[in-house]
Amino acid sequence: MADEHPAILLKKKRKRLITEGLKTNCAELIRLLSDMLDAYFCEVYEKSIVGPTMRIERNPYALVALGGYGRREECVQSDVDLLFLFDRNVPENGEALIREIIYPLWDIGVTVGHATRSIDESLELAATDLDTFTAMLDSRLICGMSPLFSTFMERFRREVILPNQDRWIETIVKSCRERRSRFGDSAYLLEPNIKEGVGSLRDYHTFRWMAMILSEVRDIRDLEYYGYVSSREYGRLIDALNWLWIVRNHLHDIAGRKCDRLYFEYQPRVARRLGFIEGKNGQPVEQMLSKVHSAMEWLNQLVQIGIREIDANRSSSRNPRSVTKTTSSDIYADRGTLHFSTSEAIVRHPVLLIRIFEESAKQGLPLCIDARRLVQEFLYLVNEAFLRMPGALKAFESILMASRVEVNVLEEMASSGMLERLIPEFTSIRDRIQYDRYHLFSVDAHSLKTVQAIKSFGAEQTKEWCSLCAELYRDISSHRKWLLWAALLHDIGKGVQSDNHSRKGAEIARSILNRLGYRKRDIDTVAFLIEHHLLLIKTATRRDINDEEVAITCGRTVNNVERLKMLYLLTVADSMSTGPKAWNEWTAALLRDLFFKVLNIVERKELAGYQVVRDMARKKAQLFDAAAGRIDRNELERIYGWMSPRYLLYAEIPQILEHVDLYRGLESRPFIWRIQTDVDTSTRTVTICARDRPGLFSKIAGVLTLNGMNILNAQVFTWRNNTALDIFHVSPPVDAYFEGERWMRAERNLEAALKEQLDLPAAIAEKMASYGSLPPPGDRRPPRVKVDNTESSFFTIIEVFSDDFPGLLFWVTDAIFRLRLDIWLAKISTKVDQILDVFYVRDFDGQKADAPEQVEEIQKTILDTLDCIMKKGGKS
């Protein structure tokens, strides 16, 4: 039997190595894979048939590794980049050599990119093309004539790098900023890009390339030798890189291709492979993402500080020193950064460790890298008694309330470890991830962004997008400190296991502020804001804010105008800092309306009902004026008498007139609808006027789902003459070109469903089966159903929490119909991959479903329905 080709042997060895390396989470796998490729190239080079015919003594050549392979960072599905480097011209039989070496690798599925160039050609291209330049920086000799490679590298440094150091640094920094902007902040994104995003492996490469341009850096260890990182930073760098390489290798293996984005579908599988199990630190995915976030955030800080420091050093070589005094004789500013005078000064006056951050907040200047390292070196001096030292607490308050935004000093304190030393409880939320694809940031980053959001309310531009926030922020000038403390600590309770993180967070905050010696009344204010920081947003999005009981209940809870204003600002900042899915015009309008209703009760001690009477009288007069000449007054009076107070409070005058037109056109038809496009959001508003009947809402929801319209929100109104007015906000069909035809088909479907001529459950089940989009059972969160009979005197409130999937709203509302319950109000809320749907219901006799057996039956029926659908993947 003939000997197997080296490529076939490589394939077998590589497969064994990858299997074993992934099983043991071997951080050295990337280097072992690189070494295995080196061995292959060396063997085929030695056994080459073409090689000896090329007269290497006349035209020396070498095989050179480039890019990631050159750095010995060969991941499971990484490309292999090669340069066939010749001394002079590329010989005619160079192509034959490439076929001999490269083609067998292609045959076994290894992606190889190669170039064949002379030294002069390589240098000429590297001098003008950034990608070629950086690939050359990482070049490494595999086999061939080593003197040739040495000559090439010497000329590359002498002719390409050294004459243009500043230009290359500027080009690389510019490219880095463009990449980071393009890929987004991967340290925080829900699906981080391990290779290209902010804090990714590419940030490390950028830092390394700059060091290679300025110094004789060839290996990662050289970064410490030349002083680009300290010994401690080097250890942290290695740990962060090893972790990201391990994650990337598993990601490549699971995807079966070069995939560098940690997609949702892969996250649970990667977490399981890495051995994470559910525990006090959260779900396996949360723990895995937390570690990814920690590594990427550290690399993010490294490249930012590195760029800043390199820029400062380049500037110092051209410009004389310009030392500026600060409020402390032991801290000075020089060339745009802050410095300690000596390390001995810190030992004598530990409070300097926080004073330098206070100076950073005042002047908008960052700490230089040496000052940052000194802070970390002397963190042991920051103990429980530190903030009780003269001036320490005042300095922290100054930082907390600083209005300058050039440097986010709290983030700088967090990344250096200073914030956790000052407030040890902050450690529990450090890099903590909430795996709901809704919270965009880790808990600690979100908390700091909430503080920044509140400070932004004092900026002039806030008046343009939120004049109410600007006005309220001005009104609470004497209470801002407590609002900012609440913002900093509002999610501190998420760091410990608790059924109510808000209540737990208030307890922890009390402990922290008591330790710092604040007055009880001020501590009470902060604790109140933390405990109730979700009150307004939950009420606005989950409850009928036009119900007088809702506003009264909120008013009784807050019972103080200043606290209400602070709570509103905290709610806005919290929502804005959670992510774009948590804050939009719809949410803002609901929250603002609720705020004014509660303010009216708290400020004037006036029941909402009095204002409702006035509003409705004013609205009636405006309606009749607007309808004059269009609708007979007697007819409008009759129709107006059928409208419910809640409908009249919700609908604007133009809407009411549109709805009246719809009603007048209904006549004997089962329904009539109008579809309108929102030009700002590209969504569709579907207004349906129909004869009310049990199950109407479910049938409408089912038909919209059947035709590919994702329901974003819904409002249900019933007039006293048994007319239903349902308003759905939906996403448009995917095939926008045929949208008109899709709406016509949906109209026919609804007519058939109302006549019982369309089996909606069967049609939707078939549709769901074609999606194949339900997550695997192990990756789902169990649905929850809450039934509340205390918050409304007239309705039973049903809350459904579940992972989202096509048809979900139909199945839930169909279950409610089968329970013989009428839906009077629905609030549909989709948070990326989860839904929180709230239904105000009464039974067919108009009564609340408040008997214990009814409550139990509601929960069981809805949960059983969802469980059945999920198990069968929609095939019921």
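Points to keep in mind about this one:
Listed here are the residues, each with its yes/no results for (1) open to solvent by 10 Å² or more (accessible area, probe 1.4 Å); (2) at pLDDT 90 or above; (3) among the hydroxyl-bearing types (Ser, Thr, Tyr).
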| residue | (1), (2), (3) |
| --- | --- |
| TYR568 | no, yes, yes |
| THR571 | no, yes, yes |
| GLY579 | no, no, no |
| TRP583 | yes, no, no |
| ALA588 | yes, no, no |
| VAL598 | no, yes, no |
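- Residue within region 438-447 that is more than 20 Å from VAL526 (Cβ to Cβ), of a type in the set (Gly, Ala, Ser) and crowded, with 21+ Cβ neighbours inside 10 Å present: yes
- Scoring ARG158 on the criteria (1) at pLDDT 95 or above; (2) touching a helix residue (DSSP H, G or I) at 6+ places or on another chain (Cβ under 6 Å); (3) surrounded by fewer than 14 Cβ atoms within 10 Å (Cβ to Cβ) leaves a single failure, condition (2).
- Subset of region 477-518 that is among the basic types (Lys, Arg) and either open to solvent by less than 20 Å² (accessible area, probe 1.4 Å) or farther than 19 Å from VAL561 by Cβ (or both) - its residue that is farthest from the chain's Cα centre (by Cα): ARG515
- For region 729-744, residues that are in a helix (DSSP H, G or I) and open to solvent by 100 Å² or more (accessible area, probe 1.4 Å) total 3.
- Pairs with Cβ under 6 Å, 6+ apart, first in region 524-545 and in contact (Cβ under 8 Å) with a residue 40 or more places away in the chain, second outside any helix (DSSP H, G or I) and surrounded by fewer than 22 Cβ atoms within 10 Å (Cβ to Cβ): THR541/SER829; ARG542/VAL838
- ALA211 modelled with pLDDT under 95, part of a helix (DSSP H, G or I), among the small types (Gly, Ala, Ser) and closer than 21 Å to LEU241 by Cβ: yes
- Test: residue in region 408-426 that is at pLDDT below 95 and touching a His at 6+ places or on another chain (Cβ under 7 Å): no
- Within region 161-188, the residues that satisfy the criterion of being surrounded by fewer than 15 Cβ atoms within 10 Å (Cβ to Cβ) and among the polar types (S, T, N, Q) are GLN165, THR171, SER181.
- Annotation: GLY256 fulfils all but one of (1) over 22 Å from the mean Cα position of the chain (by Cα); (2) closer than 19 Å to SER442 by Cα; (3) among the small types (Gly, Ala, Ser); the unmet one is (2).
- Some residue of region 241-261 being of a type in the set (A, V, I, L, M, F, W, C), surrounded by 15 or more Cβ atoms within 10 Å (Cβ to Cβ), under 30 Å from VAL160 (Cβ atoms) and out of contact with any Leu (no Cβ under 9 Å at 6 or more places or on another chain): no
- Per-region count, region 834-875, residues modelled with pLDDT under 80 and crowded, with 17+ Cβ neighbours inside 10 Å: 3
- Considering only residues in region 109-135 that are hydrophobic (A, V, I, L, M, F, W, C) and farther than 20 Å from ARG179 by Cα, the one that is surrounded by the most Cβ atoms within 10 Å (Cβ to Cβ) turns out to be ALA126.
- Within region 362-383, being part of a helix (DSSP H, G or I) and open to solvent by less than 10 Å² (accessible area, probe 1.4 Å) holds for ALA371, VAL375.
A quick yes/no check of all residues on (1) open to solvent by 30 Å² or more (accessible area, probe 1.4 Å); (2) hydroxyl-bearing (Ser, Thr, Tyr):
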residue	(1), (2)
GLY708	no, no
ILE711	no, no
THR718	no, yes
ALA724	no, no
ALA752	no, no
LEU760	no, no
ALA769	yes, no
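- Whenever a residue of region 107-123 is closer than 19 Å to GLU159 by Cβ, its partners that are assigned to a loop (DSSP other than H, G, I, E, B) and open to solvent by 30 Å² or more (accessible area, probe 1.4 Å), lying with C-beta atoms within less than 6 angstrom and at least six residues away or across chains, give the pairs SER118/ARG88; SER118/ASN89.
- Residue check, ARG474 open to solvent by 30 Å² or more (accessible area, probe 1.4 Å) and modelled with pLDDT under 90: no
- When region 667-686 is limited to residues that are farther than 22 Å from VAL812 by Cβ and touching a Lys or Arg at 6+ places or on another chain (Cβ under 8 Å), the one that is least open to solvent (accessible area, probe 1.4 Å) turns out to be PRO670.
- Any hit, region 65-82, residues being assigned to a helix (DSSP H, G or I) and among the aliphatic types (A, V, I, L, M): no
- Screening SER78 on (1) buried (at least 18 other Cβ atoms within 10 Å of the Cβ); (2) without any contact (Cβ under 8 Å) to a residue 60 or more places away in the chain; (3) small (Gly, Ala, Ser) shows it passes everything except condition (2).
The values are calculated or read from the model by the stated rules, or taken from the named source; none is laboratory data. Only a predicted model underlies this, so the values are computations on that prediction, with no experimental measurement involved. All Cβ positions, glycine included, derive from the backbone under ideal geometry; neighbour counts span all protein chains shown. Protein only, heavy atoms only, side chains kept; ligands, DNA and RNA dropped before computing areas. Shrake-Rupley method; radii C 1.70, N 1.55, O 1.52, S 1.80 Å.
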